[in-house]
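Below: the structure, in structure tokens.
Any read-out appearing in this document is the output of simple, stated calculations on the displayed coordinates, not a laboratory observation. In this text the structure is predicted, and so the values were computed from the model without any measurement. Cβ placement follows ideal geometry from the backbone for every residue including glycine, while neighbour counts extend to all protein chains displayed.
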Amino acid sequence: MNIREHAGYRNCVNCDADDSEIMFTFTKKWLVEVRSTPSEILDRMNIDDNFSSSIVKCKNCGCGYIKDVIESREPNSEWSQEKIKENIEFYQKLFSRETINHLQYEYSLIKNLLDLVLQKKKDNSELSLLDFGSSLSILSPMSRVMGFSDVMAYDPLYPNNISEITPQNTAINFKFVTDIEEVKAKAPFDAIICQSADEHFYDLKGDIKNIYDLLSDDGVAYFSHPVMDLDGDIGHLRNEANVKDKKTISRLRATFHVHHLNYVMPKMFKDILIRTGFKEIKVVMLKQRVAGVNFFNFSNLKLFFKSFAKYFLGLLGSNYRKTEFFLEKYK
Ligand SMILES: [Zn+2]
């Protein structure tokens, strides 16, 4: 079962140049010895002794990306009944006590998005939302609860039988979709969310353009783009076997792996958005409030002031470490 649907060699994901230097190479030996990756995972991904996948840096624009991409999805795969049950249980746990702070953060994201859509939308028709690259996201059911009536969760990595977990005979109905053509048939959308997904895009600019094309002319898009600082962490990554600090190790493991294909820093990412035709809408995005604690509690005030500081830095044009972008089409 050798898959590699998207496997291939890429030019720079920002400027298309084919001129890069290798920063770091993942090999089987490294994955086993440094990351202790279990052999069943390596086997599933067809990683053998000849495997290598390299993070490179474009010599033309400085963008970081994986040049030789491995894609481990099996084409036409289906979840077994057991796997479906497991995934539903996992999904249900995303709505539970331990996730309350995160849920509140997602709530404030959709609330901001909803306000912007309502301000812009001139007619009285129902509201639609697309969660692009959604995985098993809580945003789809949550946006449904908050008033978007036509909600689609799209992810090309879903199995073909993803619709078996789609809620149908309930009030909170929305649709899981794995085929981009099905998404296009429903376009345009009033709101599109792309939360921590673009680092996985094989065709980064192509998918951002897809999002632009799928958005209605008076719609609003939201990107949450992770900061994955290749320059800042490359020394640690090369020396990961000897890193002792637990926080650094967990950051390295979460950030640098063969499925994170694009290491685009915020300023460059915003440039790509602007070149695609988007314009940023500056929003004070309140970070997750600590639930069950008074608003004037120190922990909440700290988050509150951080949010405002970020907003004002954004107004001044600083995009360093910026992770959230609300966007409309440039007119
Ligand atoms: Zn480049």
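Helical content of the chain, expressed as a calculated mean residue ellipticity at 222 nm, amounts to -11000 deg cm²/dmol (DSSP H runs of 4 or more residues, -39,500 (n - 2.57) each, divided by residue number, nearest 500). Legend: Rg and Dmax of region 203-245, from Cα coordinates, 17.7, 52 Å.
The charge dipole of region 1-153, taken about its Cα centre with unit charges on the Cβ atoms of Lys, Arg (+1), Asp and Glu (-1) only, comes to about 460 debye. Here the label points at Ala185 and Glu21, each 7 Å from Cα along the C-beta direction, are separated by 5.0 nm in the simple model. Cross-link list Lys57/Lys244; Lys246/Lys310; Lys184/Lys282; Lys85/Lys205; Lys83/Lys186: which exceed 31 angstrom alpha carbon to alpha carbon? Cα-Cα > 31 Å for Lys85/Lys205; rest within. Within region 237-305, the chymotrypsin sites (Phe, Trp or Tyr not before Pro) that combine a DSSP coil assignment with at most 14 other C-beta atoms in a 10 angstrom radius are Phe295, Phe296. In this Cβ point-charge picture (+1 for Lys and Arg, -1 for Asp and Glu), the chain has a dipole of about 1540 debye about its Cα centre. Listed by chain and number, the lysines whose C-alpha is less than 18 Å from the C-alpha of Lys122, apart from same-chain residues fewer than 8 away, are Lys329, Lys331.
The modelled label-to-label distance for the pair Leu118/Lys59, using points 7 Å beyond Cα in the direction of Cβ, is 5.5 nm. Largest first and in whole Å, the equivalent-ellipsoid semi-axes of the chain read 31, 25, 22, each the square root of five times a Cα gyration tensor eigenvalue.
Zone of Thr323 (label point 7 Å along Cα→Cβ, backbone N under 13 Å): which residues in region 196-223? Of the residues in region 196-223, 196-197 have backbone N under 13 Å from the label point off Thr323. The simple spin-label model puts a point 7 Å past each Cα toward its Cβ; for Tyr330 and Ser108 those points are separated by 3.0 nm.
This ranking places Val264, Val258 by how few other beta-carbon atoms lie within 10 Å of each, fewest first, which gives Val258, Val264.
Please state the shape class of region 9-150: rounded when a/c is under 1.5, otherwise prolate if a/b exceeds b/c and oblate if not, all from the C-alpha gyration tensor. The shape class here is oblate. Judged by the mean number of other Cβ atoms found within 10 Å, the most tightly packed of the peptides 106-119, 125-138, 172-185 leads the ranking 125-138, 106-119, 172-185. Summing Lys and Arg as +1 and Asp and Glu as -1 over all other residues whose Cβ lies under 12 Å from the Cβ of Ser143 gives a net charge of -2.
Applying 0.36 nm per residue to the separation of Met146 and Asp68 and subtracting their alpha-carbon distance, the gain on full extension is 23.9 nm. Across the options Tyr65, Leu313, Leu252, the greatest Cα extent toward the positive end of the charge dipole of the chain (unit charges at beta carbon of Lys, Arg, Asp, Glu) belongs to Leu313. Close amide-amide hydrogen proximity is noted between Ile193 and Leu130, Asp131, Phe132, Tyr222, each under 5 Å apart and 5 or more residues distant or on a separate chain (H modeled in the peptide plane; Pro and chain starts excluded).
Name the shape class, rounded, prolate or oblate, that the alpha-carbon gyration tensor gives for region 172-306, where a ≥ b ≥ c are the square roots of its eigenvalues, rounded holds for a/c under 1.5, and otherwise prolate holds if a/b is larger than b/c and oblate otherwise. Oblate, because a/c is 1.5 or more while a/b does not exceed b/c.
Start at zero, step by 10 Å, and the Cα-Cα distances of region 98-171 spread as 16, 47, 30, 6 percent across the bins. Look at where the Cα atoms of region 145-172 and of region 82-110 average out, and the two centres are 14 Å apart.
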